[in-house]
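Have a look at the structure below, then the notes.
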Amino acid sequence: MDLLEQVAESTSLSGLSRFLGQAPWDRQAVGQQWLKDFRTQMQPMVQVEHMRQQMMRLKRRGRPKQPFVTGYLIGDDSTMHKPKGKKMEGLGHHHSTTADRRLPGHSMVEGLYVFLGQRWPLVPQLYRQQAVCEQENVP
């Protein structure tokens, strides 16, 4: 279901923005819960895949190879241009491949884990340049 439909305020983009900006939720706790759910969901699937590999393994002399399941981590960083942003937290100058130059804005780093046909988003991270971190006094 769409997140915008779950907001208690009227379903508008500004209502969603207020929810994400003001609601007492912890981004790290949400990310940890996502990871826990992912592991809970995937563990039985991995066990089934291991058993399938063991049954398909050719009988040979010596120690059999351990079965393994391959996952893929896909990463992407996107620059979100903020032409009017002056006092926004984490604002820096980042290279935009679309504009082919450095622009003021945010650089969001996102990841997607693909495993046994399942896709699992990782917690997005805001990339901050060292100068911006020092200016804002954040690690």
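The values are calculated or read from the model by the stated rules, or taken from the named source; none is laboratory data. Values in this document were obtained by computation on a predicted structure and should not be read as measured data. We place every Cβ from the backbone using ideal geometry, glycine too, and count neighbours over all the protein chains shown. The protein model used for the area step is the full one, side chains on, heavy atoms only, and it has no ligands, DNA or RNA in it. Shrake-Rupley method; radii C 1.70, N 1.55, O 1.52, S 1.80 Å.
Residue under question is residue 138, and the condition is that it be part of a loop (DSSP other than H, G, I, E, B), loosely packed, with under 11 Cβ neighbours inside 10 Å and modelled with pLDDT under 85; does it hold? In short, yes. Of all the criteria given as (1) in contact (Cβ under 8 Å) with a residue 40 or more places away in the chain; (2) open to solvent by 50 Å² or more (accessible area, probe 1.4 Å), the one not satisfied by residue 115 is (2). Suppose we keep only residues that are out of contact with any strand residue (DSSP E or B) (no Cβ under 6 Å at 6 or more places or on another chain) and not polar (S, T, N, Q) within region 70-84. Which one would you say is most open to solvent (accessible area, probe 1.4 Å)? Step by step, filter region 70-84, then rank; the result is 84. Scanning region 17-51 for residues that are part of a helix (DSSP H, G or I) and charged (D, E, K, R), we see that the one that is farthest from the chain's Cα centre (by Cα) is 49.
The combined condition, being acidic (Asp, Glu), open to solvent by 60 Å² or more (accessible area, probe 1.4 Å) and in contact (Cβ under 8 Å) with a residue 24 or more places away in the chain, is not fulfilled by residue 100. Of all residues in region 89-125, those satisfying the criterion of being in contact with a Gly (Cβ under 9 Å, 6 or more places away or on another chain), part of a loop (DSSP other than H, G, I, E, B) and among the hydrophobic types (A, V, I, L, M, F, W, C) are 91, 116, 122, 123. Can you tell me which residue in region 68-114 is modelled with the highest pLDDT, limited to those that are of a type in the set (Val, Ile, Thr) and more than 22 Å from residue 135 (Cα to Cα)? Residue satisfying both the conditions and the ranking: 74. Assessment of region 52-68 against the conditions (in contact (Cβ under 8 Å) with a residue 40 or more places away in the chain and under 25 Å from the mean Cα position of the chain (by Cα)) yields no matching residue.
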